[in-house]
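Student: The structure's right below; bear with me while I get my questions together.
The values are calculated or read from the model by the stated rules, or taken from the named source; none is laboratory data. Note that the structure is a prediction, hence the values are computed from the model and not measured. Cβ placement follows ideal geometry from the backbone for every residue including glycine, while neighbour counts extend to all protein chains displayed. Side chains are part of the model used for accessible areas, which takes the heavy atoms of the whole protein and leaves out ligands, DNA and RNA. Shrake-Rupley method; radii C 1.70, N 1.55, O 1.52, S 1.80 Å.
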Amino acid sequence: MIALTDRTVLLTGASGGIGSALCDALVAAGARVVAIGRDDARLNAIVARHPSGRVAPLVADLATDAGRAHLVAVAGTLQRPPSLLVLAHAQSAFGLFEDQSPEALRALIDTNLTAPMLLIHALLPMLKRHEQAAVVAVGSTFGSLAFPGFAAYSATKFGLRGLMEGLAREHADSGLRFQYLSPRATRTAFNTPQVDAMNREMKVAQDEPADVAAQLVAAIASGRSRLQLGWPEKLFARLNGALPGLVDRNLKSQLSIVRRHARA
């Protein structure tokens with residue numbers, strides 16, 4: 001177990017749906033949060049919800065070298081050095097792979113995989129100064145189960161899961177933990193209207209952001225290295241690892257639905 005009281009948390013993607021709820025849950029657990037995002041107005045709205053000094057906004061585009069450098073520089077000046085990095089930012093990309101432009105694919109990789117990798121690399125020396133510290137990646141079911149219509153997005157989340165798993169094993173004899181925690185579909189603006197329509201037709205369950213955030217914070221505090229939220233998502237993720245052919249056949253039967261919504 002790791003107490004979150006008075007810990008400084010660097011939270012990326014704080015202006016997003018899950019990120020905003022996660023910021024609230026971390027503050028409720030006693031943490032001080034540096035809320036990082038690209039939307040200044042949304043970040044300031046989060047700050048206004050909390051007592052003075054509990055949340056500090058930081059505007060930065062982490063897909064750029066300048067944005068990451070700015071975050072690292074600010075983190076180095078904090079009175080209470082950060083001991084927890086929570087990576088909750090992501091870019092969505094619903095659509096058939098052949099319809100996506102090379103520029104969009106590069107931007108997706110830069111945001112979802114390259115940025116977390118380089119940010120962890122830059123902040124490792126700071127985090128290792130603590131007896132207990134953690135890097136938490138908010139992943140996705142699609143990081144364990146690649147889904148049609150989300151091929152490129154799934155690739156970035158598979159890569160992020162591999163990064164966290166490798167780093168956890170690389171630092172297994174230290175006080176630095178690496179956690180990959182995966183929500184299932186969540187009711188936020190991250191989903192496009194086409195994704196929402198497809199989920200309704202396929203009867204995909206969606207969780208509320210506050211419920212997801214509460215489970216993520218509990219997993220962070222308990223030190224769980226892996227977590228998949230939701231049923232039957234837990235089952236399908238395990239089946240995909242052990243018996244992928246079963247998942248292949250199930251998803252093949254639903255291809256026409258995916259294609260229709262992906263090209264809507």
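Student: Within the group Ala3, Ala31, which residue is buried (at least 21 other Cβ atoms within 10 Å of the Cβ), touching a residue at least 40 places away in the same chain (Cβ under 8 Å) and of a type in the set (Gly, Ala, Ser)? Quick ask: steps written out before the conclusion?
Tutor: On the way: Ala3 fails: buried (at least 21 other Cβ atoms within 10 Å of the Cβ).
That would be Ala31, the only listed residue that is buried (at least 21 other Cβ atoms within 10 Å of the Cβ), touching a residue at least 40 places away in the same chain (Cβ under 8 Å) and of a type in the set (Gly, Ala, Ser).
Student: Would you confirm whether or not the stretch 85-98 contains a residue that is touching a residue at least 60 places away in the same chain (Cβ under 8 Å) and among the hydroxyl-bearing types (Ser, Thr, Tyr)?
Tutor: Yes, that holds for at least one residue.
Student: Name the single residue, out of those in the stretch 158-206 being of a type in the set (Lys, Arg) and touching a residue at least 12 places away in the same chain (Cβ under 8 Å), that is surrounded by the fewest Cβ atoms within 10 Å (Cβ to Cβ). Talk me through it step by step, then tell me what you get.
Tutor: Pass one, the stretch 158-206, residues of a type in the set (Lys, Arg): 161, 169, 177, 184, 187, 200, 203.
Those left that are additionally touching a residue at least 12 places away in the same chain (Cβ under 8 Å): 161, 177, 184, 187.
Values: Arg161: 19, Arg177: 22, Arg184: 21, Arg187: 16.
Ranking the candidates gives Arg187 first.
Student: I need the full set of residues from the stretch 180-207 which are in contact with a Lys or Arg (Cβ under 6 Å, 6 or more places away or on another chain) and at pLDDT 95 or above, in order please. Spell out the reasoning first.
Tutor: Residues of the stretch 180-207 that are in contact with a Lys or Arg (Cβ under 6 Å, 6 or more places away or on another chain), as a first pass: 180, 206.
Within the stretch 180-207, Tyr180 is the sole residue that qualifies.
Student: Here's a check for you: in the stretch 247-257, which residue that is closer than 21 Å to Lys234 by Cα and touching a residue at least 24 places away in the same chain (Cβ under 8 Å) is surrounded by the fewest Cβ atoms within 10 Å (Cβ to Cβ)? Show your work before the answer.
Tutor: Residues of the stretch 247-257 closer than 21 Å to Lys234 by Cα: 247-254.
Filter once more, so that each one left must be touching a residue at least 24 places away in the same chain (Cβ under 8 Å): 247, 251, 254.
Working: Val247: 18, Leu251: 17, Gln254: 14.
Among those that are closer than 21 Å to Lys234 by Cα and touching a residue at least 24 places away in the same chain (Cβ under 8 Å), it is Gln254.
Student: Can I ask one more? Can you find a residue in the stretch 20-35 that is assigned to a loop (DSSP other than H, G, I, E, B), in contact with a helix residue (DSSP H, G or I) (Cβ under 8 Å, 6 or more places away or on another chain) and acidic (Asp, Glu)? Break it down stepwise before answering.
Tutor: Within the stretch 20-35, the first condition is being assigned to a loop (DSSP other than H, G, I, E, B), and the residues that meet it are 29-31.
Now restrict to residues that are in contact with a helix residue (DSSP H, G or I) (Cβ under 8 Å, 6 or more places away or on another chain): 29.
Restricting the remaining residues to those that are acidic (Asp, Glu) gives none.
Scanning the stretch 20-35, I find no residue that is assigned to a loop (DSSP other than H, G, I, E, B), in contact with a helix residue (DSSP H, G or I) (Cβ under 8 Å, 6 or more places away or on another chain) and acidic (Asp, Glu), so the answer is no.
Student: When you check Arg68 against the structure, is it closer than 17 Å to Leu127 by Cβ, among the basic types (Lys, Arg), open to solvent by 60 Å² or more (accessible area, probe 1.4 Å) and modelled with pLDDT of 95 or more, yes or no?
Tutor: Numbers: closer than 17 Å to Leu127 by Cβ: yes; among the basic types (Lys, Arg): yes; open to solvent by 60 Å² or more (accessible area, probe 1.4 Å): no; modelled with pLDDT of 95 or more: yes.
Criteria not met by Arg68.
Student: Looking at the stretch 180-196, is at least one residue closer than 17 Å to Leu85 by Cα and not aromatic (Phe, Trp, Tyr)?
Tutor: Taking the stretch 180-196 first, the residues closer than 17 Å to Leu85 by Cα are 180-182.
Next, from what is left, pick out any that are not aromatic (Phe, Trp, Tyr): 181-182.
Yes, because at least one residue in the stretch 180-196 is closer than 17 Å to Leu85 by Cα and not aromatic (Phe, Trp, Tyr).
Student: Take the conditions farther than 21 Å from Leu11 by Cβ and of a type in the set (Val, Ile, Thr) and apply them to Thr192. Does it pass? Walk me through it before giving the result.
Tutor: Values: farther than 21 Å from Leu11 by Cβ: yes; of a type in the set (Val, Ile, Thr): yes.
Against the criterion (farther than 21 Å from Leu11 by Cβ and of a type in the set (Val, Ile, Thr)), Thr192 qualifies.
Student: For the stretch 48-77, give me each residue that is more than 21 Å from Ala21 (Cα to Cα) and not aliphatic (A, V, I, L, M).
Tutor: Thr64, Asp65, Gly67, Arg68, His70, Gly76, Thr77
Student: Cβ-Cβ distance below 7 Å, separation of 6 or more or different chains: which pairs start in the stretch 34-58 with a residue that is of a type in the set (A, V, I, L, M) and end on one that is open to solvent by 50 Å² or more (accessible area, probe 1.4 Å)?
Tutor: Ala35/Pro57; Leu43/Pro57; Leu43/Val59; Val47/Pro57
Student: Something else about it: Right, Val217: of a type in the set (A, V, I, L, M), in contact with a Phe, Trp or Tyr (Cβ under 9 Å, 6 or more places away or on another chain) and open to solvent by less than 50 Å² (accessible area, probe 1.4 Å) or not? Even if it seems obvious, please write down each step before you answer.
Tutor: Working: of a type in the set (A, V, I, L, M): yes; in contact with a Phe, Trp or Tyr (Cβ under 9 Å, 6 or more places away or on another chain): no; open to solvent by less than 50 Å² (accessible area, probe 1.4 Å): yes.
Judged against the criteria, Val217 is not a match.
Student: Additional query: Would you please name the residue that is nearest to Glu165 (Cα to Cα), looking only at residues in the stretch 176-221 that are outside any helix (DSSP H, G or I) and among the polar types (S, T, N, Q)?
Tutor: First, the residues of the stretch 176-221 that are outside any helix (DSSP H, G or I): 176-192, 202-208.
Now restrict to residues that are among the polar types (S, T, N, Q): 179, 182, 186, 188, 191-192, 206.
Values: Gln179: 8, Ser182: 13, Thr186: 24, Thr188: 27, Asn191: 27, Thr192: 30, Gln206: 26 Å.
Among those that are outside any helix (DSSP H, G or I) and among the polar types (S, T, N, Q), it is Gln179.
Student: Sticking with this structure for a sec: Identify, by number, the condition in (1) closer than 23 Å to Leu181 by Cα; (2) part of a strand (DSSP E or B); (3) open to solvent by 20 Å² or more (accessible area, probe 1.4 Å) that Ser15 doesn't meet.
Tutor: (2)
Student: How many of the residues in the stretch 117-143 are buried (at least 20 other Cβ atoms within 10 Å of the Cβ) and either farther than 24 Å from Ala213 by Cβ or in contact with a Gly (Cβ under 7 Å, 6 or more places away or on another chain) (or both)?
Tutor: Of the residues in the stretch 117-143, 1 are buried (at least 20 other Cβ atoms within 10 Å of the Cβ) and either farther than 24 Å from Ala213 by Cβ or in contact with a Gly (Cβ under 7 Å, 6 or more places away or on another chain) (or both).
Student: Please identify the pairs in which a residue from the stretch 216-245 that is closer than 15 Å to Ala146 by Cβ has its Cβ atom under 6 Å from the Cβ atom of a residue that is among the basic types (Lys, Arg) and outside any helix (DSSP H, G or I), counting only partners at least 6 apart or on another chain.
Tutor: Partner pairs satisfying both residue conditions: Glu233/Arg184.
Student: Tell me, please, whether a residue that is under 25 Å from Gly17 (Cβ atoms) and touching a helix residue (DSSP H, G or I) at 6+ places or on another chain (Cβ under 9 Å) can be found in the stretch 124-131.
Tutor: Applying the first criterion (under 25 Å from Gly17 (Cβ atoms)) to the stretch 124-131 yields none.
No, the stretch 124-131 contains no residue that is under 25 Å from Gly17 (Cβ atoms) and touching a helix residue (DSSP H, G or I) at 6+ places or on another chain (Cβ under 9 Å).
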